[in-house]
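A short worksheet on the structure shown next.
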Amino acid sequence: MENEERLHPGHHSIRLKGRDYSAPGIYFVTICTHDRKCVFGAIAGGELQFSLLGRIVGESWVAVPQHFAHTSLHGFVIMPNHLHGLIEIVRQAGAQRAAPL
């Protein structure tokens, strides 16, 4: 908790105490840009006109199941400065490492 406060001053986690967020289930995820800058695109005519970075974010989000075999994606939306998405952990995975030992 001390590290969280140091890294994100004023931020208070809304995570449930004792909840195992690696457990199977559907999770609502929000990912915000640094300083909430509108770097994913701009709204024009009621629609988001994606920037290059916004297109990369979309491609990266839909590729999550290719990198994490026990996940499935549901609806998502990219806004100018954040992404909302539903991600399902369909089965609890064992320990994962960035590189083979």
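The values are calculated or read from the model by the stated rules, or taken from the named source; none is laboratory data. These numbers were taken from a predicted model, which means no experiment stands behind them. Methodologically, a virtual Cβ is constructed for each residue, glycine included, from the backbone with ideal geometry; neighbour enumeration extends over all protein chains shown. Please note that ligands, DNA and RNA were not included when accessible areas were found on the heavy atoms of the full protein model with its side chains. Shrake-Rupley method; radii C 1.70, N 1.55, O 1.52, S 1.80 Å.
Kindly identify region 1-81 as rounded, prolate or oblate by the Cα gyration tensor criterion: order the square roots of the eigenvalues as a ≥ b ≥ c, call it rounded if a/c is under 1.5, otherwise compare a/b with b/c, prolate if a/b is larger, else oblate. It is oblate, given that a/c is not under 1.5 and a/b is not larger than b/c.
For Leu73, the solvent-accessible surface computed with a 1.4 Å probe is close to 40 Å², ligands and nucleic acids excluded. Note on region 20-66: Cα Rg divided by 2.2 N^0.38 Å, N the number of residues, gives 1.44.
What does the charge dipole of region 1-86 about its Cα centre add up to, to the nearest 20 debye, if the Cβ of each Lys and Arg holds +1 and the Cβ of each Asp and Glu holds -1?
80
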